[in-house]
Amino acid sequence: METAVVQDQGVQVGDLFACSWGYDQTQVDFYEVVGLTASGKSVKVKPVQQENVSDPRQPSYRVKPVKGSAYGEAKTYRIKDATWGSEVKYAFRVNSYSHAYKGDWDGQWSVTGWGYGH
């Protein structure tokens, strides 16, 4: 039953979400769906490790999530429909200043460290 609910919501266990945030430097956090609430309206996620896929000596580089590397305690977030135009997207609010979006991208996000680290 849980699988049917997940599919109806457009989100499945194993899906990855990315959250890009920051002011002087861009940070990216990745999350993996590890479960769903009984109602199917919320996801249970854990943070996921990431790896650098470009030259880390550059001030701006690219990172990608390491699928299956979830760690820590699962947190529950309510899924929101973040659809723009005809492109269906799903998101959840991580905190007051950022949202995580379901990743149907090329698996990489840009990060700007500008010498302060990531």
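The values are calculated or read from the model by the stated rules, or taken from the named source; none is laboratory data. Every value quoted in this text rests on a predicted model; they were computed, and no experiment measured them. Backbone-built Cβ (ideal geometry, glycine too); neighbour counts: all protein chains shown.
Within segment 49-101, the set of residues being surrounded by fewer than 17 Cβ atoms within 10 Å (Cβ to Cβ), hydrophobic (A, V, I, L, M, F, W, C) and at pLDDT 85 or above comprises Val66, Ala74. Within segment 1-33, if we keep just the residues that are among the hydroxyl-bearing types (Ser, Thr, Tyr), in a strand (DSSP E or B) and surrounded by fewer than 17 Cβ atoms within 10 Å (Cβ to Cβ), the residue that is modelled with the highest pLDDT turns out to be Ser20.
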